[in-house]
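The values are calculated or read from the model by the stated rules, or taken from the named source; none is laboratory data. As the structure is a prediction and not an experimental result, all values here were calculated from the model. We place every Cβ from the backbone using ideal geometry, glycine too, and count neighbours over all the protein chains shown. Quick note on the areas: whole protein, heavy atoms, side chains included, nothing else; ligands and nucleic acids left out. Shrake-Rupley method; radii C 1.70, N 1.55, O 1.52, S 1.80 Å.
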Amino acid sequence: MSWAVPWTAHLGLRGPDAPLFRHSARSADPFDQIDFIADLGLAGVQDNYAALRPADEQERVAAHAARRGLRLASFVHDPLGWDQPRWSAPDEDGRAALLAELDRSLATARRIGGHTLICVAGLDPARPRAAQLAAMAENLRRAGDRAGAAGVRLCVEMTSARWLPSMLVDRFDDAVAVVRAAGHPAVRLMFDVGHIALDGIDPLSALAAAEGLIGAVQVADVPADGSAGRIDIGAGRIDWPALIRAIRVTGYDGLFEIEHEALGEGLAGEQALIERLRTVDRAAG
């Protein structure tokens, strides 16, 4: 079927062996997942752990996605150290290590045709948070030239402490401030609706604060009862049609990356996810 919104599905969030449609597709194998996603008519695929795949497999997965008409969504920068305080390195040795890791991510991006890196950072409890945020902004600014020359965006993602504790950028205002302080066109904001809403922030209000900064959009609903969770779009309390229309008004014309796992168990849970997505898509169209 055709979709009004360019949704993407992932090949694994918590790990590369747990794709979104592991029960619906023939197998959890990335090639079978890509076939199912393409047959479903979605616009793209997110390979969060692309950088962990051998180079030849990166190329084969990306080539298969391209053959099936799927666009490549974002992937995680530094997937083995994403929760460490590397982006906030205050010294030259730390910055050199950061740039070396960035080069590895950019090599992955080149092989797969990717254009968006997810950038998060762990909190160093021994240093003031404000100093770490300032260092992260400076390091992103320095990295921006290298990323921009490769046609890649560095997207700063705010992660709610209710979902991921001990992270540096755990407030939406801080994510916006870091991107603004970096002041580089290759440094953008990852507008993750689920994390924003988990913090009790109205995504529509957040959208206004992020005007002109959004590089990519990730989507997950949150439970209506206020509990911490990232659940099927349309199963929670977010007004998706209104939010999607508002995001489009900003001029954003990129992908909407589904960043959650099925609320229900097994095949039935995945089919329920698809039906909820269809309902939201029709209302947003």
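Since Gly151 meets every condition but one in (1) under 19 Å from Leu189 (Cβ atoms); (2) out of contact with any Asp or Glu (no Cβ under 7 Å at 6 or more places or on another chain); (3) surrounded by 14 or more Cβ atoms within 10 Å (Cβ to Cβ), which condition does it not meet?
Condition not satisfied by Gly151: (3).
I'm told Asp93 meets every condition in (1) within 17 Å of Glu157 (Cβ to Cβ); (2) open to solvent by 60 Å² or more (accessible area, probe 1.4 Å); (3) in a helix (DSSP H, G or I); (4) of a type in the set (Asp, Glu) except one. Can you identify the failing condition by its number?
(1)
Among the residues of segment 162-213 satisfying the criterion of being outside any helix (DSSP H, G or I) and small (Gly, Ala, Ser), which is most open to solvent (accessible area, probe 1.4 Å)?
Filtering first and then ranking leaves Ser166.
Quick check: is even one residue across segment 113-125 part of a helix (DSSP H, G or I), among the β-branched types (Val, Ile, Thr) and under 20 Å from Pro19 (Cα atoms)?
No: segment 113-125 contains no residue that is part of a helix (DSSP H, G or I), among the β-branched types (Val, Ile, Thr) and under 20 Å from Pro19 (Cα atoms).
Since Pro223 meets every condition but one in (1) farther than 30 Å from Pro128 by Cα; (2) within 15 Å of the chain's Cα centre (by Cα), which condition does it not meet?
Only one criterion in (1) farther than 30 Å from Pro128 by Cα; (2) within 15 Å of the chain's Cα centre (by Cα) is unmet by Pro223, namely (2).
Collect the residues in segment 37-61 that are open to solvent by 10 Å² or more (accessible area, probe 1.4 Å), part of a helix (DSSP H, G or I) and touching a strand residue (DSSP E or B) at 6+ places or on another chain (Cβ under 7 Å), keeping them in residue-number order.
Answer for segment 37-61, where residues must be open to solvent by 10 Å² or more (accessible area, probe 1.4 Å), part of a helix (DSSP H, G or I) and touching a strand residue (DSSP E or B) at 6+ places or on another chain (Cβ under 7 Å): just Ala51.
From the list Val280, Val217, exactly one residue is buried (at least 22 other Cβ atoms within 10 Å of the Cβ) and in a strand (DSSP E or B). Which is it?
Unique residue meeting the criteria: Val217.
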